[in-house]
Amino acid sequence: MATFPIYIRHFDGSQRAFDITLTDTVKDVKEMMEEGDMFDLIYAGAELDDKQTLEPNMELEMVVDRQKLAESRADKIFEHTGSSFWECGGSTTESERKSIKMEFPPPTDININMMPFVFGDKNSIPSEYHGYLPLINSCWGLRSGQICYLTIQESLVKKDTSQRRAGLHIETPGSFENLHPKHRLGGGQNSEINWGAGIMKYSCFEGIYMSSTVSDSCRVFNCRIREDKLTEPGIVRSHGDVSHLEPEIMLACEKFREKYKKFKSAGNHVLHMKPKRLYWITDRTPHESLPLAEDTYRQYFRVVSPSISVWFADHSTANPLGIVPPSDVI
């Protein structure tokens, strides 16, 4: 039977084309979409009945019950077993926590991003960054001799702006399909990308460590994208963007809090990072840099584990001492 296209403006803003037949109804079209029956189709301002057939080249709009959709798929997209972030030493008493507070060196407007270095070898780090050695050495889930990646940003952050990336995102881009075309070489379109990895099993392994000098300048969520969803179209967007999944993220975190409510840490399903504390996250943990209430000078520090698939040379910092990523990193 002959087919013809119709076009649907998705609730996420994208336009999607579907090939249907003359006998297909609105209900048939809904069954082609992952949102099932949790949305209505609108044409010329009017809601279409499920039994109605469609005409070639119709341009329709999707109107979705966003909360109902989130409830139906939060567990399908996110997992909330174990921890997806950790305040290193955060299970100690308040008096002990004071002893693990990170001391930042005096700022000198350093701005480096993902500079390769050998963990445990201070001679692989330029001397101008040695003030950060105590913070680097505090990343206890990493192993000496491995190439890791150092980011330091010291800058004045203007009121109502964020220093780092705003909007909910994860560090892994998900798949090569979500990268700029020039970064796609070396992997299939649906190949999964690591960008720090990270697993919590009695302790932190690999992952991403970060700290800053400013309170409430970063928000982290205790859930993570399921591995099998990283390469599914529409779940993780360009360079790890998951801002369109905020309702699902909030529900997943609430389920984490409910599941572990008998533990002291259960309230930390959404974390606003404290200043001068070291935090660990996975590359699948949603987080975002927050706008500041006033002009503030902020120092930010991050170490990414060796488990990366791609090193973006055009916006990363080369190590002047000649340390480079391993040959299997694109």
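Details
- Across segment 101-115, rounded Karplus estimates of 3J(HN,Hα) from the backbone phi angles (6.51 cos²θ - 1.76 cosθ + 1.60, θ = phi - 60°) give 4, 7, 9, 8, x, x, x, 9, 6, 5, 8, 10, 9, 6, 6 Hz, Gly and Pro being marked x.
- Rounded to 10°, Cα long-axis angle of helix 246-259 versus longest principal axis of the chain: 60 degrees
- Surrounding net charge for VAL157, when Lys and Arg each add one and Asp and Glu each subtract one, Cβ distance under 10 Å: +1
- Of ILE170, ILE249, ILE20, the one that fluctuates the most in a GNM where the chain has Cα springs shorter than 10 Å: ILE20
- Net +/- balance of residues flanking LEU290 in space, Cβ distance below 10 Å, scoring K and R +1, D and E -1: 0
- Phi-based couplings in Hz for segment 15-26 (Karplus 6.51, -1.76, 1.60; Gly and Pro marked x): 10, 10, 9, 9, 8, 10, 9, 5, 8, 5, 9, 4
- Between TRP311 and ILE330, the built amide H atoms are under 5 Å apart, and every one of these is 5 or more places off in sequence or on another chain.
- In terms of its alpha-carbon gyration tensor, segment 5-55 comes out rounded; the largest-to-smallest axis ratio a/c stays below the 1.5 threshold.
- Hydrodynamic radius of the chain per Kirkwood, over alpha carbon pairs, in Å: 21.9 Å
- Scanning residues 5 or more positions from THR213 or on other chains, those with amide H under 5 Å from its amide H are LYS276, GLN299, with H placed 1.01 Å from N in the peptide plane.
- Hz values of 3J(HN,Hα) by residue in segment 308-317 - Karplus curve (6.51, -1.76, 1.60), Gly and Pro given as x: 10, 9, 9, 10, 7, 4, 6, 9, 10, 9
- Taking the charge dipole of segment 225-330 about its Cα centre, with +1 at Lys and Arg Cβ atoms and -1 at Asp and Glu Cβ atoms, the residue from PRO233, SER307, PRO325 reaching farthest to the positive side is SER307.
- Helix 66-77 axis versus longest C-alpha principal axis of the chain: approximately 60°, rounded to the nearest ten.
- For SER316, residues with placed amide H under 5 Å, excluding near neighbours: none
- Net dipole in debye of the chain [+1 Lys, Arg Cβ; -1 Asp, Glu Cβ; about Cα centre; nearest 20]: 1660 debye
- Which listed pairs, of LYS76/LYS229; LYS101/LYS159; LYS30/LYS51, have C-alpha distances above 20 Å, in listed order: LYS101/LYS159
- Charge sum, other residues only, whose C-beta stays under 12 Å from GLY131's C-beta, Lys/Arg counted +1 and Asp/Glu -1: -2
- A helix-only calculation puts the chain at -3500 deg cm²/dmol for mean residue ellipticity at 222 nm, using -39500 (n - 2.57) for each DSSP H run of at least four residues, averaged over all residues.
Read-outs: derived from the displayed coordinates by stated rules, not from any lab. Note that the structure is predicted; figures quoted are calculated from it, not measured. All Cβ positions, glycine included, derive from the backbone under ideal geometry; neighbour counts span all protein chains shown.
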